[in-house]
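The values are calculated or read from the model by the stated rules, or taken from the named source; none is laboratory data. What you see is a predicted model, and the numbers here were worked out from it, not measured in a lab. Reconstructed Cβ throughout: ideal geometry from the backbone, glycine too, with neighbour counts over all protein chains shown.
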Amino acid sequence: MFQLHFFQFFDWDLLKPFFYFLSFIGIYLTLRLRFPQVRFLFLAVKIFSGNMDYKGSRGRLVHSQAFFSGTASSLLPGAIIGSALALMIGGPGVLLWIWVSSFLIMPLRFVSSTLAIRFRTKTASGRYLSGPMYFIEKALKARWLAVSFSIAGLCTVLVMGGAVPMLYVTHIANKAFEVTGMTVPFLLSVILVFIVLGGVRRVGKISAYLAPIGILLFFAGYFFLFKNSLMNFQHFLWLSLQEAFQPLTAIAGGTFVLARTFSMASGIFFVSTETGIGKSAGVSGVVRTDFPAKQGLVSMLATFFEGFIVSTLVIYALSSYGAFKMEEQMFFLNTLFRGHTNPVNAAFFISFLLFGIVSITGWFYTGEQNALYILGERFANFFRILFLVTILAAAYLYVKKGEAILYDAFGLGYSLSIITAVPVLISLVLLEKIARTELKRFLTESGARYEVLKDFYLLILSIVPKNLLSLLFGLLASSRLPRFILIPILKAFARAYKINLDEAELEIQEYNSLNAFFTRALKAEARIIDSAENEMVSPVDAKITGYGDINQRIIIQAKGVDYNLKELLGGGASKYLDDFSNGKYITFYLSPQDYHRIHSPAYGRILGYYYEPGKLFPVNELAVFGIRGLFPKNERLITYLQTEYGKVAVIKVGASNVGRIRVTYDNKIVTNTLIRSARTVEYKDVSIMIDKGAELGRFEMGSTVILLMEKDTFTFDSLPLNEKITYGTPIGKFIEKKCKLPK
């Protein structure tokens with residue numbers, strides 16, 4: 001068997017029991033949780049994408065921010081180094097065992113992250129404290145074990161999370177970009193201080209920006225650097241399968257040597273990817289979520305990405321170049337370093353520099369949590385200084401002594417990681433039932449289900465550039481096509497959606513674009529506006545999909561799905577939030593069949609508006625039931641109306657293929673542009689009055705309107721759900737006048 005001697009401070013024989021222990025726990029959790037990595041993979045991706053994010057929840061980071069902050073050092077650098085080392089030990093056949101082991105081990109991160117949120121602590125200042133030490137102490141009642149973990153974890157953070165990332169960043173800057181000395185270490189230290197001074201929110205935001213850029217650069221660099229030199233992929237897979245059961249190292253020693261070889265090879269991979277040490281759980285604990293199991297499912301994706309994607313790419317490339325031994329891999333790496341003037345090479349190595357920044361900040365936050373747990377804020381301050389001193393000292397030693405320091409740091413970091421993992425892995429087995437209960441509660445109370453096609457559809461919606469596509473669709477719909485092309489299109493559109501052409505103000509031949517037809521005016525007698533002074537009328541032709549009370553600022557989106565009033569009102573919430581808290585709401589859905597102009601539901605004065613440049617998810621039934629907080633996520637234009645009976649908010653929600661939302665009272669308002677920003681406008685110096693039933697705006701393609709009524713000012717009539725209602729039809733009554741407005 002190929003022996004590795006270049007890591008000091010590390011006993012390679014530790015890898016075998018570590019891997020067996022890790023695998024046993026992975027198999028146990030997989031069976032007890034009934035294969036969550038199979039049943040909930042697409043659901044995890046959907047949560048990660050933000051489709052189920054809920055701003056009304058407690059916490060500091062969204063799921064994707066916590067994911068990148070907690071796993072950045074393992075996603076690329078750890079998985080790449082681990083794959084290369086595993087290949088040295090076990091040859092190409094190790095890939096199959098990494099796949100199998102990764103599959104079985106995925107629930108480990110689910111359980112640790114779920115427990116981290118379940119047992120997190122909130123301080124008087126509003127800060128969340130979390131990590132394995134909290135669930136070890138609170139659930140197992142074993143403070144001595146929690147303190148032991150924290151001390152070991154603190155040492156691991158200083159070496160594996162401080163020295164190692166700083167050393168490989170310095171090494172890459174030196175070899176790939178010829179930047180020598182302490183320039184990069186000092187610059188990275190300044191960046192670290194800037195990020196961590198902003199707290200965990202800044203850590204999360206920076207990670208969510210830099211990590212995706214790093215991943216994109218890595219994959220782009222990989223493709224362009226190696227595309228002409230890679231062996232046939234099917235041949236590579238066949239080679240890996242053959243070697244998995246008949247490696248060269250097993251010929252002399254049989255099954256025992258086979259197991260020993262691959263346990264060490266897989267073990268070094270999982271040590272490199274920080275599996276089982278609880279690092280990601282510390283950051284997961286500050287996630288903004290309504291169910292702990294949601295972040296647990298997201299955390300599983302890290303193991304999937306590392307074990308199935310990154311490891312495959314790395315071993316595929318190294319095998320194609322015949323780089324199986326240490327000397328061959330170093331020659332391969334130095335060849336890449338020498339091409340630093342090539343933009344592709346530069347982009348490839350920049351990805352590692354970006355991940356180095358994210359890694360150090362994520363590890364710093366983890367260590368800070370450990371220090372706070374051990375002796376409080378004063379010790380945490382000492383740790384912050386010690387962390388900076390450690391990374392700068394490591395970089396200085398590298399400058400003076402060279403690559404040997406890098407190898408020593410890895411060896412020591414690996415040893416500390418295995419020691420740190422022991423209490424975490426034991427606690428995961430003992431506390432699995434709590435994680436299982438949390439998963440069951442999430443599935444029961446949230447209505448989430450394992451629906452592959454639905455989850456895949458929602459995932460695609462999250463990825464595609466919805467706003468750009470909607471903008472282009474709007475431009476296309478507004479374009480003036482030749483009459484012989486346009487008229488058949490309009491007639492086909494009218495037939496397909498069964499549009500009543502008798503109500504339209506113009507004949508179909510008179511419209512000069514699809515958008516003009518879609519936003520058509522109606523004949524004067526087509527709608528009757530209820531004249532009772534205290535009646536509020538429907539502002540649109542639409543289906544009523546929901547209405548009722550706003551209870552504790554919560555609005556029902558669909559059965560089992562809700563959202564927060566503050567989310568809906570966005571940045572303009574502060575002034576009107578109390579007015580509409582505990583008020584009433586009603587939601588109208590406009591289909592392509594409907595008349596798409598919006599009218600005022602009551603007589604009043606327009607106080608102003610708020611524009612929120614959100615996403616443009618569709619608002620169909622699948623999205624309404626599948627995306628938590630859908631309406632607050634989408635672009636919206638809110639008109640605030642002062643009636644004689646109280647305030648009313650008319651919220652126009654954008655959606656896919658809504659090219660624009662326009663209003664009649666202000667021509668300066670333009671939505672869904674390439675450059676967008678939130679803005680609030682109040683009409684203090686001008687009085688804009690609008691009659692009941694007068695045109696307020698229009699959708700240039702269809703969407704949703706939500707009305708909010710001030711608390712204690714309005715009662716609903718008995719309204720049919722999911723049935724068509726026309727604008728001007730009464731929907732309820734105001735209770736009593738509160739002021740007089742000029743007629």
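Within the range 574-626, considering only strands (runs of 3 or more DSSP E) that don't extend past its boundaries, which have at least 3 residues that are within 20 Å of L719 (Cα to Cα) and in contact (Cβ under 8 Å) with a residue 40 or more places away in the chain?
Those strands (runs of 3 or more DSSP E) span 584-589.
For the range 394-421, how many residues meet the condition of being free of Cβ contacts under 8 Å to residues at least 40 places away in the same chain and either under 28 Å from T275 (Cβ atoms) or surrounded by 15 or more Cβ atoms within 10 Å (Cβ to Cβ) (or both)?
Residues flagged as free of Cβ contacts under 8 Å to residues at least 40 places away in the same chain and either under 28 Å from T275 (Cβ atoms) or surrounded by 15 or more Cβ atoms within 10 Å (Cβ to Cβ) (or both) within the range 394-421 amount to 2.
Among K711, K692, which is the only one that is touching a helix residue (DSSP H, G or I) at 6+ places or on another chain (Cβ under 8 Å), assigned by the TED database to the domain that holds G546 and surrounded by 15 or more Cβ atoms within 10 Å (Cβ to Cβ)?
K711
Among the candidates K711, K668, single out the residue that is assigned to a loop (DSSP other than H, G, I, E, B) and touching a residue at least 12 places away in the same chain (Cβ under 8 Å).
Matching residue, one of K711, K668: K711.
Pull up the range 671-693, narrow it to residues that are part of a loop (DSSP other than H, G, I, E, B) and more than 39 Å from the chain's Cα centre (by Cα), then point me to the one that is modelled with the lowest pLDDT.
Per the criteria, the residue is D685.
Hey, can you tell me all the residues within the range 274-320 that are surrounded by fewer than 24 Cβ atoms within 10 Å (Cβ to Cβ) and small (G, A, S)?
A317, S319, S320
Here's a check for you: in the range 654-689, which residue that is farther than 20 Å from L472 by Cβ and among the aliphatic types (A, V, I, L, M) is surrounded by the most Cβ atoms within 10 Å (Cβ to Cβ)?
Top of the filtered list is V663.
Of the numbered conditions (1) part of a strand (DSSP E or B); (2) hydrophobic (A, V, I, L, M, F, W, C); (3) at pLDDT below 90, L696 fails exactly one; give the number of that condition.
With respect to (1) part of a strand (DSSP E or B); (2) hydrophobic (A, V, I, L, M, F, W, C); (3) at pLDDT below 90, L696 is out only on (3).
Given S125, S150, which one is surrounded by fewer than 24 Cβ atoms within 10 Å (Cβ to Cβ) and hydroxyl-bearing (S, T, Y)?
S125
Are any residues in the range 272-288 assigned to a loop (DSSP other than H, G, I, E, B) and either within 16 Å of the chain's Cα centre (by Cα) or among the charged types (D, E, K, R) (or both), and if so, which ones?
E274, G285, V286, R288
Name every residue in the range 551-572 that is at pLDDT below 85 and either in contact with a Ser or Thr (Cβ under 6 Å, 6 or more places away or on another chain) or of a type in the set (S, T, N, Q) (or both), in order of residue number.
Q552, Q557, G572
Would you point out which residue out of T261, T273 is at pLDDT 90 or above, of a type in the set (S, T, Y) and in the same structural domain as F349 (by the TED database)?
T273
Of F48, F110, which residue is in contact with a Ser or Thr (Cβ under 7 Å, 6 or more places away or on another chain), within 18 Å of R288 (Cβ to Cβ), in the same structural domain as V200 (by the TED database) and assigned to a helix (DSSP H, G or I)?
F48
Under 6 Å between Cβ atoms, at least 6 apart or on separate chains: pull out the pairs that start in the range 673-700 with a residue that is without any contact (Cβ under 8 Å) to a residue 40 or more places away in the chain and end on any residue that is of a type outside the set (S, T, N, Q) and outside any loop (DSSP other than H, G, I, E, B).
Qualifying pairs under 6 Å: none.
Between K738, K668, K724, which is modelled with pLDDT under 95, closer than 18 Å to I544 by Cα and basic (K, R)?
Result of the check over K738, K668, K724: K724.
Considering only residues that are within 30 Å of the chain's Cα centre (by Cα) and basic (K, R), which ones fall in the range 369-426?
R384
When the residues of the range 1-58 are narrowed to those that are among the small types (G, A, S) and crowded, with 23+ Cβ neighbours inside 10 Å, which ends up modelled with the highest pLDDT?
The extreme case among them is G26.
Out of all the residues in the range 84-119, which are closer than 30 Å to I374 by Cα, surrounded by fewer than 24 Cβ atoms within 10 Å (Cβ to Cβ) and of a type outside the set (A, V, I, L, M, F, W, C)?
If the condition is that a residue be closer than 30 Å to I374 by Cα, surrounded by fewer than 24 Cβ atoms within 10 Å (Cβ to Cβ) and of a type outside the set (A, V, I, L, M, F, W, C), then R118 is the only one that fits.
Among the residues of the range 524-551, which ones are among the polar types (S, T, N, Q) and crowded, with 18+ Cβ neighbours inside 10 Å?
S538, T545
Within the range 91-101, is there a residue that is free of Cβ contacts under 8 Å to residues at least 60 places away in the same chain, closer than 15 Å to M300 by Cα and either aliphatic (A, V, I, L, M) or touching a Cys at 6+ places or on another chain (Cβ under 6 Å) (or both)?
Yes, there is a match, as at least one residue in the range 91-101 is free of Cβ contacts under 8 Å to residues at least 60 places away in the same chain, closer than 15 Å to M300 by Cα and either aliphatic (A, V, I, L, M) or touching a Cys at 6+ places or on another chain (Cβ under 6 Å) (or both).
Within the group Y576, Y511, Y585, which residue is outside the structural domain of M709 (by the TED database) and aromatic (F, W, Y)?
None of the others qualify; the one that does is Y511.
Can you tell me how many residues in the range 488-525 are assigned to a loop (DSSP other than H, G, I, E, B), of a type in the set (A, V, I, L, M, F, W, C) and either in contact (Cβ under 8 Å) with a residue 24 or more places away in the chain or under 14 Å from S591 (Cα atoms) (or both)?
Final tally of qualifying residues: 2.
In the range 176-198, how many are in contact (Cβ under 8 Å) with a residue 12 or more places away in the chain and farther than 20 Å from S73 by Cβ?
Count: 6.
Condition (residue is within 30 Å of M330 (Cα to Cα), of a type in the set (V, I, T) and either out of contact with any helix residue (DSSP H, G or I) (no Cβ under 6 Å at 6 or more places or on another chain) or not assigned by the TED database to the domain that holds I434 (or both)) applied to the range 61-73: is it met by at least one residue?
no
Counting only residues that are of a type in the set (D, E, K, R) and closer than 20 Å to V650 by Cα, which one in the range 714-735 is surrounded by the most Cβ atoms within 10 Å (Cβ to Cβ)?
Across the range 714-735, the extreme among qualifying residues is K733.
Would you mind finding the one in G214, G282 that is at pLDDT 90 or above and in the same structural domain as A79 (by the TED database)?
G214
Quick one: count up the residues across the range 526-552 that are in a strand (DSSP E or B) and within 37 Å of the chain's Cα centre (by Cα).
Going through the range 526-552 one residue at a time, the tally reaches 9.
Give me the helices (runs of 4 or more DSSP H) completely within the range 115-229, filtered to those with at least 3 residues that are touching a Leu at 6+ places or on another chain (Cβ under 7 Å), ordered by residue number.
Hits in the range 115-229: 132-140, 143-156, 164-177, 199-226.
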